[in-house]
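The values are calculated or read from the model by the stated rules, or taken from the named source; none is laboratory data. It should be emphasised that the depicted structure is a prediction, and the values quoted were computed from it without experimental measurement. Every residue, glycine as well, gets a Cβ built from its backbone with ideal geometry; the counts of neighbours run over all protein chains shown. Protein only, heavy atoms only, side chains kept; ligands, DNA and RNA dropped before computing areas. Shrake-Rupley method; radii C 1.70, N 1.55, O 1.52, S 1.80 Å.
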Amino acid sequence: MSVASDARVDSMGYVVGSFVGEGTSRAVHLLSSDTGFIAALARRYRPALEKDGDVWRALAQERIVTLAPAGRRRTTTGTPMVDRALVGGPAGQTAVTPTTILLHGSPCGPRGAQAEIIVEDDHRAQEPSLRGPVLGSFTHSQAAGASPDDRERFRRREPIPEPGTSVVDQLIARTGRVMDSTLGSTLRSLNLRAAGDPRLEINTLSDIDAADVIPFRPAASMVRFAVSLRARRITDRGDTLLAATVMAWDSSGAWQQVIFRPTVVSLRRGRLAPYGASRRGIFWRRLQPISDFAFERDNLWMEQVDVRDGSVLWGIVQPRGNVVVAAAQVEGPCR
């Protein structure tokens with residue numbers, strides 16, 4: 001994943017688009033690393049930041065610029081407007097109200113700059129919980145064919161109970177075989193082999209010898225399983241590597257899909273680092289299903305870690321077409 005965004009300020013001053021984020025017991029924080037979106041907010045609603053011709057330097061000096069979103073019925077030109085806002089998470093969809101937009105400046109200029117939108121629920125009865133990873137959607141209610149106050153939402157239907165131990169073991173074994181086969185053909189000279197028979201941690205926060213295994217719905221009447229695998233492999237020279245991939249399977253193993261192709265990073269004395277001059281130094285963790293909006297199906301929320309500079313992306317993938325819906329940087333050398 002790279003930073004991905006369709007966020008924008010439209011011609012009427014409304015904030016629209018998709019945002020990756022995470023919710024707590026108090027509020028949801030939606031993020032964007034889209035420099036075009038950040039610059040549009042700064043130039044339109046804080047024009048003084050561009051008085052010297054460099055909005056990024058001004059943002060870096062201010063560090064944080066606060067914007068207060070106006071309601072959809074406001075016509076004030078000095079504040080960004082939001083018409084219709086929803087977030088979709090593991091429990092379903094929730095209508096929300098943006099309370100604050102924060103523009104974070106960076107000493108690296110546009111690299112590391114961030115827009116953070118803080119939203120709260122509408123305090124309606126029986127709303128799904130806001131906790132956990134989310135996808136935020138800001139739209140015009142008229143464009144969606146609904147009245148401004150018709151904020152449809154639903155609870156996400158869990159695919160099936162969590163898979164049992166035998167199913168999890170089969171899914172991990174299949175993923176490991178595909179990962180090893182792919183790495184064997186692309187990194188043939190390394191002669192990779194498994195690091196003994198390590199016991200993997202399942203659905204934890206561990207980075208090494210761990211796997212996330214979750215059921216999800218690619219369509220209303222279909223269940224698949226997504227696997228994010230991170231396992232040690234040994235080269236013929238005795239180097240220890242961490243190999244990683246993300247795949248999707250059906251329950252029988254007859255259908256498979258590679259979501260992210262396998263990568264390797266060096267593991268030495270518990271520290272992860274790039275391996276080889278031209279290798280990608282990334283892996284994926286915290287895989288979770290969340291509700292989509294347009295269809296009764298799930299998206300996959302995950303973190304992508306780049307060991308080259310310590311950067312972390314939050315990203316959302318629509319697995320049916322392997323499309324990155326939204327991705328933003330949350331950690332890195334400039335954050």
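If you run the Gaussian network model on the chain, springs between alpha carbon atoms under 10 Å, then out of Ala210, Ala219, Ala254 the most flexible one is Ala254. Across the chain, the volume of the C-alpha convex hull divided among the residues equals 146 Å³ per residue. Remark: spin-label model distance Ser2-Asn203 equals 3.5 nm, labels positioned 7 Å along the Cα→Cβ axis. Can you compute the label reach from Asp169? Point 7 Å from Cα along the Cβ direction, backbone N cut-off under 18 Å, restricted to the range 203-229. Answer for the range 203-229: 203, 210-214. Proximity of backbone amide H atoms, modeled 1.01 Å from N, is registered between Ser311 and Asp306 at under 5 Å, excluding neighbours fewer than 5 places apart on the same chain.
Nearest 10 degrees, 0 to 90: what angle lies between the long axis of helix 35-45 and the longest principal axis of the chain (Cα atoms)? Taking the Cα atoms of the chain, the angle to 35-45 is about 20 degrees. Using a probe of 1.4 angstrom and keeping all protein chains present, the accessible surface of the chain works out to 46 square angstrom per residue. Full extension of the chain between Arg131 and Ala27 yields a length gain of 36.6 nm, computed as 0.36 nm times the residue separation minus the alpha carbon distance. For the options Ala85, Ala42, Ala294, a Gaussian network treatment of the chain with springs between C-alpha atoms closer than 10 Å singles out Ala294 as fluctuating the most. With K and R counted +1 and D and E -1, the other residues having a Cβ less than 12 Å from that of Trp56 yield a net charge of -1.
Spin-label model, Ser181/Glu331: points 7 Å from Cα along the beta carbon direction are separated by 3.4 nm. Rg then Dmax, both in Å and based on the Cα atoms of the range 160-262: 14.1, 49. Dimensions of the range 220-335 based on its C-alpha atoms, expressed as ranges along the principal axes with the largest first, amount to 48, 38, 22 Å.
Of the three principal axes defined by the Cα atoms of the range 2-55, the extents in descending order read 40, 26, 22 Å. Note on Val324 and Thr100: the model spin-label points, each 7 Å out from Cα along the C-beta direction, lie 2.9 nm apart. If the Kirkwood radius is taken over C-alpha pairs of the range 178-222, then at 37 °C and 0.692 mPa s the Stokes-Einstein diffusion coefficient equals 245 µm²/s.
Each peptide in 302-309, 313-320, 46-53 was scored by the mean count of other Cβ atoms within 10 Å over its residues; highest first, the order is 313-320, 302-309, 46-53.
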